[in-house]
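First comes the structure, then the notes that go with it.
Just so you know, all these numbers are worked out from the coordinates, no wet-lab data involved. What you see is a predicted model; the values in this text were computed from it and never measured. Counting neighbours? That spans all protein chains shown, and the Cβs are built from the backbone with ideal geometry, glycine included.
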Amino acid sequence: MTLQSPQNSVERTPLPKFQLFIVLLIQFAEPVTATVIYPFVIPFVQETGITNGDEKKVGYYAGIVESVFFMAEALTVVYWGRASDYIGRRPVLLFGPLGLCLAMLGFGLSKGFWSLVVWRCLQGIFNGNIGVSKTVMAEITDSTNLADAIAMIPLMWSVGSTSGRVIGGIFTRPATQWPDIFGPTAFFHTHPYFLPCALAGSVAFLSGAFAFLGLKETHPRSLARERRRVEKARSSRDSSPQGSSTTNLLLETDCLDYGTIQSRSAESSNQDENIKAPPLRDLLVPDLVATLINLGFLTLSDMAAQVLVPLVYSTSIPLGGLGFTPYQIGTVLGIWGVVNALVQFSFLGKSIRIFGPRKMYIMSYSSLVLVFATYPLLSFLAKRAGRVDGAVWAVIVFQMMVTMAVSPAYGSIHVLVVSSAPSRETLGTTNGLAQGLGCLTRSLAPSFASSLFSLSIEKDLLGGNFVYCVLVAVVCVGIRTSLNLPKERKP
């Protein structure tokens, strides 16, 4: 399915802003709940006693907690999609946020390591409906504005993941941070990580509440039934002498597709009821396969980079870290996130239009080499000074700036996924396949990166820098693979 360039296509259809807002709000809850634990997961795991006080082993167990979220999501995303094909998109998108809210509360109340793992798994399971939200985006848009809607997905991830880290960093240990407010309450002393989890859960609950109040069903069969009902009512009205004066004004509308897709005839509506998911082998055309492979490299590499930030920043200086507190980590990532969101909102769409999604992806993904290469420099400077001095802060600022260049890769790859779909009829299945693959690689990245980090420290491999060498090598392979992306796919 080729996306037409805006310059050469018909006038773009206005986006259904309210419906799109609800869908994006549901998508926003995923990165918030996924990343809220990052600033405090290291001390949380240590306080469960699973490491027996050995700081060098905490990376292994923290990686398990971080990974199971995306593993559970990867294993359930297809089933959520199939459920939406049977019962509709709306029920699935209402049920997921409610379960996610409860899972976040359970995580914050946990005291043991395996309890953390179980509740983290449930968070991933209830987040598995995120693929359905992308299908809804495809169903409320058409070929003239689909790319504009998809370009907002990486913005939601960027803002959401930043918000999650800020919440996790600032609201951890509230009894210590704000003793006058939370100090008198014993609960916040015994559950120092509950408040950030509750706030993240509230985001999920609010997204579900908005969906309950305003989200419309977009499943083709549901729309076909509604069209026939309206057409039958119109026929009855036209055949009745008093029809024009008694018919409900709502039946005068010609659009049941949120202002983006033109109403179809009764014949095509009947065909909608017989829509079936295409066989998987029909989707695996060369362009889509190449795009999905690159999506896997992107999510694996970027998630590894995200996991290393709290891990390296919180590790003590003698062991190769910076010795930051959760509050400091949350503050750094919060400032970066605000700036990053503004940059992406201002330049992402323009950049993709100027360079094209393929070139934009290659340039953005390649910047991960610099992101990983700055970690050994941070460690060297911090050890030399014995603290985080001005030189270390300068490298941190540089690292955060380079990390901003990675974000456009997501917008570019999502445009390429859509443009590589064999047809619009297979777009929902294509999005589900891409979402499942992304979740799978994200689930592998935390354990992969954090375990390599712990192994590098324990065995003193390359002075503790072995993990960064491996990740740079992975990115280099991904850069070579990106050269196989389909060309001339401009949004």
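Going by average Cβ density within 10 Å per residue, which order do the peptides 88-98, 14-24 take, highest to lowest?
Listed from highest to lowest mean packing, they are 88-98, 14-24.
Mind giving me the FRET efficiency for T190 and V118? R0 is 22 Å, r the Cβ-Cβ distance, nearest 0.05 is fine.
That gives a FRET efficiency of 0.65.
Order of R480, R358, R120 from fewest to most other C-beta atoms within 10 Å?
Going from sparsest to densest Cβ surroundings: R480, R358, R120.
How do S115, S443 line up, fewest other C-beta atoms within 10 Å first?
The order, fewest Cβ neighbours first, is S115, S443.
Let's see if you can work this out: charge +1 on each Lys and Arg Cβ, -1 on each Asp and Glu Cβ, no other charges. What is the dipole magnitude of the range 298-428 about its Cα centre, in debye to the nearest 20?
Magnitude of the dipole: close to 240 debye.
Of C469, C439, how do they rank once you tally other Cβ atoms within 10 Å and put the fewest first?
The most exposed by this proxy come first: C469, C439.
What length, rounded to one decimal in nm, is gained on full extension from W178 through to D460, with 0.36 nm per residue of separation minus their alpha-carbon distance?
The span from W178 to D460 would gain 97.6 nm if fully extended.
If R0 is 22 Å, what FRET efficiency do you get for L342 and M363 from their C-beta distance, rounded to 0.05?
Efficiency computed from Cβ-Cβ geometry: 0.65.
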